[in-house]
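Notes follow once the structure below has been shown.
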Amino acid sequence: MSLCRRIPSLLGSSRRFIFLITFLVIGFNLAGLAETAPSNDQVSILVGGDITVGSRLTPILRRQGLDILFKPIMSEVQGADIALATLNTSISENGEPQYQSLPNVKRKQSFRAIPGLSTSIAQAGWDLISLSTPNLHDFGPVAVEDTIQHLTRMGVKTIGVGLSDYAAQQPAWFNLQKNGQVVKVAFVTYYHSGAFSQDGQIKVARALYTHMIKRTEEIASQADLLVVMMHWGKESKSEIVSQRQQFFSQSLVSAGADLVLSQRLHTLQGIQIFQGKPIIYSLADLIYETYDKRHSQVVIPKVVFQKRKFKHVELIPIWVGNPKMKYQPQISEGPQATSTLQKYQKLCEGLKTDVQIKSGRGWIHR
């Protein structure tokens, strides 16, 4: 065979050889990348304060749409693996005001929201709502039952109340797929007894110390991550965390809780790291109808766990004092964000927690 006739054959063999080498090199590199790529083993839990919506907001919701409440913070809420808040109102069109006849209850208004609020909560991305709050019961057991049904129909889980003591004390479970494995996250909440925790057809998960500790130990043995919440019924005008709050919260951590939330009516408090785990004390009001709020600069913490251990808290600065939209939490930016974070930084300093402020966000590391 002449050289001229062999050249095409040689070129074809060379192309096949080059293709084979290239395929092997690319395959080897891709395999290496797969081994060294960062694994998706983080779990993020975003926590909001109290949501109190009543009849004064009904015309606004009907006129401006159901997404008006949470629209500015929706991306943050939906960006977390699990987003939770506390609902301090019922969602119902039924029931009657309950507290006019109670001797030690002074109340100017009872709170009840239209059923559309459940749609607003679901569309915003809230996954879990704690119902262990005082104003939930303003319109009686029928309205409470309606609230659970409305939220459940929208795919939002609830904790803290039920038709029986057993139901009220049941945790909410989330199974998250992380790095090819299932991470089981459990949430349970309690209400510290007060004027609004009257027993009736609806049962409340009461914050009884011995029972809470035992339940925390039991659930912690079944969960990869456990979040325990409490709502203290009495309003506090002080930003100082009481010794009683610290005792309860720290005891829950010692019993196995990975994150403790200790919410108090209308109060803003700081974050404490105890035994390497975060305790978030009161976050005040996220939405409180159209009233003036004691704290118009608050934060939404996003707690991040990695390999089922606490990694950091990201503090999102929030403004709830817009005079035109006091019912709408908005993300703070620029000097306003810095001011909000500096104020919260001081609250955390009182609990010996260091907050670093960077790029308009606050950070707490283990």
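Each value in this text was obtained by applying a stated rule to the coordinates, not by laboratory testing. Computed from a predicted model, the values in this text were never measured in an experiment. Please note: Cβ atoms are built from the backbone with ideal geometry, for glycine as well, and neighbour counts cover all protein chains shown.
Things worth noting here:
- Counting only Cβ charges, +1 for Lys and Arg and -1 for Asp and Glu, the dipole size of region 42-365 around its Cα centre is about 540 debye.
- Cα-based shape type of region 42-365, given that a ≥ b ≥ c are square roots of the gyration tensor eigenvalues and the cut on a/c is 1.5: rounded
- When each of Lys214/Lys277; Lys311/Lys358; Lys277/Lys352; Lys237/Lys346; Lys324/Lys358; Lys184/Lys307 is checked by Cα-Cα distance, pairs over 22 Å: Lys324/Lys358
- For the peptides 238-250, 349-361, the ranking by mean Cβ contacts within 10 Å, running from highest to lowest, is 238-250, 349-361.
- Only Cα pairs under 8 Å and 6+ residues apart enter the sum, and on that basis the relative contact order of region 42-365 stands at 16 percent.
- Across region 198-349, counting alpha-carbon atoms alone, Rg and Dmax equal 16.5, 49 Å.
- Relative contact order, whole percent, for region 178-290 stands at 24, derived from Cα pairs under 8 Å and 6 or more residues apart.
- For region 106-155, the normalised intensity computed at q = 0.24, 0.29 Å⁻¹ comes to -0.95, -1.24 (log10 of I(q)/I(0), Debye sum over alpha carbons, equal scatterers, no solvent).
- Cβ-derived FRET efficiency at R0 41 Å, Asp67 paired with Gln243, nearest 0.05: 0.45
- Length-normalised contact order of region 130-180 in % [C-alpha pairs under 8 Å, at least 6 apart]: 30 percent
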